[in-house]
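Comments concern the structure below.
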Amino acid sequence: MMTENNGQRSSIHVALLVSSELEDEGLLKVIHDLNDMACNCHRVIHDIMDVESIVTCQWDKADVVIMMLTNKIVESAVEIFHRNLADVPIVIVAKEPLHWSVMARLLDRGVQGLTQSMRASVIVSMVRLAYYHSGGVDSELIRQLLDAIQDEDAQHSARLTTLDYHIWSLMVRGLSNPQISQYCGISVSQTKHHVNNIFKYLGVHDREHAVMLYDTHKDELKESQVTDSRI
């Protein structure tokens, strides 16, 4: 949605959303000084309710939305804009470290640009890429994302032992660690070790989630689980 300005070079219309807890690092002035870019909307966001209220404004006139928001509201803000203005590309400038799963969700929701750099030149480049729907993620975030994916693959590549699967099935049946220890004839510390192996393999941190995932691994369980008719 690029428009002509009195016969001069066309401009990319940018909307800038900045959290009240952050600063825009002079980005607004940089945009105003560019020949190919103009900021037609600049709002300071205090909480997610502000995003809900301003989405009804003339944001559809923007070619790209830049969000410089805190981690606690950035996902909700993206979701709101994606729901109301799905065709307007979004560039996220993350001043706080983002967990890899958050990055993946943001990209999955159509975010066109993602960077942790506070340099105006980098952000402006992201805006241009987003406008032409080329998209971009800065190299540091890509490295973090790849490292996280590799770690997850490594966790899931390891196979559980037959005893691990058996203990997992006992967990599903509601047995506590001391009960599992007595039933399997091993110490409580050994039982805890096997339970932690199961958690690590599944990528979870508690018993509840391990139990919830039991049914999704039925094929593995058929191959490795030791059945016992006494329970």
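The values are calculated or read from the model by the stated rules, or taken from the named source; none is laboratory data. Model, not experiment: these values are computed from the prediction. We place every Cβ from the backbone using ideal geometry, glycine too, and count neighbours over all the protein chains shown.
Worth a mention:
- Number of the condition not met by SER121 [criteria: (1) within 16 Å of LEU28 (Cα to Cα); (2) buried (at least 18 other Cβ atoms within 10 Å of the Cβ)]: (2)
- Any hit, segment 174-182, residues being surrounded by 13 or more Cβ atoms within 10 Å (Cβ to Cβ), modelled with pLDDT of 90 or more and β-branched (Val, Ile, Thr): yes
- Matching residues in segment 17-52 - criterion: being surrounded by fewer than 14 Cβ atoms within 10 Å (Cβ to Cβ) and hydroxyl-bearing (Ser, Thr, Tyr): SER20
- Residue match in segment 59-67 (condition: among the hydrophobic types (A, V, I, L, M, F, W, C), surrounded by fewer than 20 Cβ atoms within 10 Å (Cβ to Cβ) and without any contact (Cβ under 8 Å) to a residue 40 or more places away in the chain): no
- Within segment 61-78, restricting attention to residues that are in contact with a helix residue (DSSP H, G or I) (Cβ under 9 Å, 6 or more places away or on another chain) and among the charged types (D, E, K, R), the residue that is nearest to ARG128 (Cα to Cα) is ASP63.
- Residues of segment 213-230 classified as assigned to a helix (DSSP H, G or I) and either touching a His at 6+ places or on another chain (Cβ under 7 Å) or at pLDDT below 85 (or both), total: 10
- Of the strands (runs of 3 or more DSSP E) that lie entirely inside segment 18-116, not one contains 3 or more residues that are among the hydroxyl-bearing types (Ser, Thr, Tyr).
- In segment 117-129, the residues that are more than 23 Å from ALA148 (Cβ to Cβ) and part of a helix (DSSP H, G or I): ALA120, SER121, ILE123, VAL124, SER125, VAL127, ARG128, LEU129
- Lone unmet requirement of (1) modelled with pLDDT of 85 or more; (2) surrounded by 13 or more Cβ atoms within 10 Å (Cβ to Cβ) for VAL55: (1)
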